[in-house]
1. Based on the Cβ-Cβ distance from MET43 to ALA65, what FRET efficiency comes out when R0 is 25 Å, to the nearest 0.05?
2. Candidates (1) 1.31; (2) 1.04; (3) 0.99; which is the computed Rg/Rh (Cα atoms, Kirkwood Rh)?
3. Rounded, prolate or oblate: which fits the range 45-91 when a ≥ b ≥ c are the square roots of the eigenvalues of the alpha-carbon gyration tensor, with rounded for a/c under 1.5 and prolate only if a/b beats b/c?
4. Ignoring ligands, DNA and RNA, what percent of the 1.4 Å accessible area of the chain is carbon and sulfur?
5. Compute the signed sum of charges (Lys and Arg +1, Asp and Glu -1) over the other residues within less than 9 Å, Cβ to Cβ, of VAL144.
6. Can you tell me how the range 97-167 classifies by the Cα gyration tensor, rounded, prolate or oblate, using a/c under 1.5 as the rounded cut?
7. Calculate, for LEU86 and ASP143, the FRET efficiency according to 1/(1 + (r/R0)^6) with r their C-beta to C-beta distance and R0 30 Å; round to the nearest 0.05.
8. Under 8 Å for C-alpha pairs, at least 6 residues apart: give me the relative contact order for the chain, rounded to a whole percent.
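The values are calculated or read from the model by the stated rules, or taken from the named source; none is laboratory data. Quick caveat, the model's predicted, so the values are computed rather than measured. Note that each Cβ is placed from the backbone with ideal geometry, even for glycine, and that neighbours are counted across all protein chains shown. For accessibility, only protein heavy atoms count, side chains too; no ligands or nucleic acids. Shrake-Rupley method; radii C 1.70, N 1.55, O 1.52, S 1.80 Å.
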Amino acid sequence: MSEPASISTGIAARYATAVYELAKEGKAVKKLKGDIETLTAAMADSGDFNALIQSPVYSREEQAAAITAIAKKAKLTDLMSNTLALMAEKRRLFVLPQLVQALREVIAEDKGEVTADVTSAKALTKTQSDKLAKTLKARMGKDVTINATVDESLIGGLIVKVGSKMIDTSIRSKLSSLQNAMKEVG
């Protein structure tokens, strides 16, 4: 891991621990999960939002005003709104993606769950997702939460990452392996 990435991860982990402890104390973990989903969707859908949190061009005041307005419009909890405002004030909004991931991990760890990052060529149906979660639970011995993403370049199949383990059954990787094998032949 590069030094800036490890610094971002460390900052995010500290914020995540503090936010989670406050949410747990206030019995608002379920609402915190909703905030996480809202922020994840905002980061995935909005280039302007990503520019706001990543760009050093915006001043502290501009970032704070914008993030407060966004939090209000998105109906985030007071805990998350205040956290984002503090992060803007401290020029730490750039760690928001790592914060969201760290919060997911802290919540899952406290519940005794494991998160599986699943990338598929098409969006998984509820039935497919449930069946995959059941299979992974049998394999891992823990409840599994699926974090699904779509990457059409896979052509078909899945890439499943659980902790340090990765299973790649995508057609793209099989074609790549076949191509490498054919290059070796001659």
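1. 0.85
2. Checking each listed value against the structure points to (2).
3. Values: a/c = 2.10, a/b = 1.24, b/c = 1.69.
Taking the square roots of the gyration eigenvalues as a ≥ b ≥ c, the range 45-91 is oblate.
4. Details: 6580 of 11890 Å².
Carbon-and-sulfur percentage of accessible area, whole number: 55.
5. On the way: positive: LYS134, LYS137, ARG139, LYS142; negative: GLU113, ASP143.
That works out to +2.
6. Details: a/c = 1.95, a/b = 1.34, b/c = 1.46.
Oblate, because a/c is 1.5 or more while a/b does not exceed b/c.
7. Details: r = 32 Å, r/R0 = 1.07.
Computed FRET efficiency for LEU86 and ASP143: 0.40.
8. On the way: 202 pairs, mean separation 36.1, N = 186.
About 19 percent, as a whole number.
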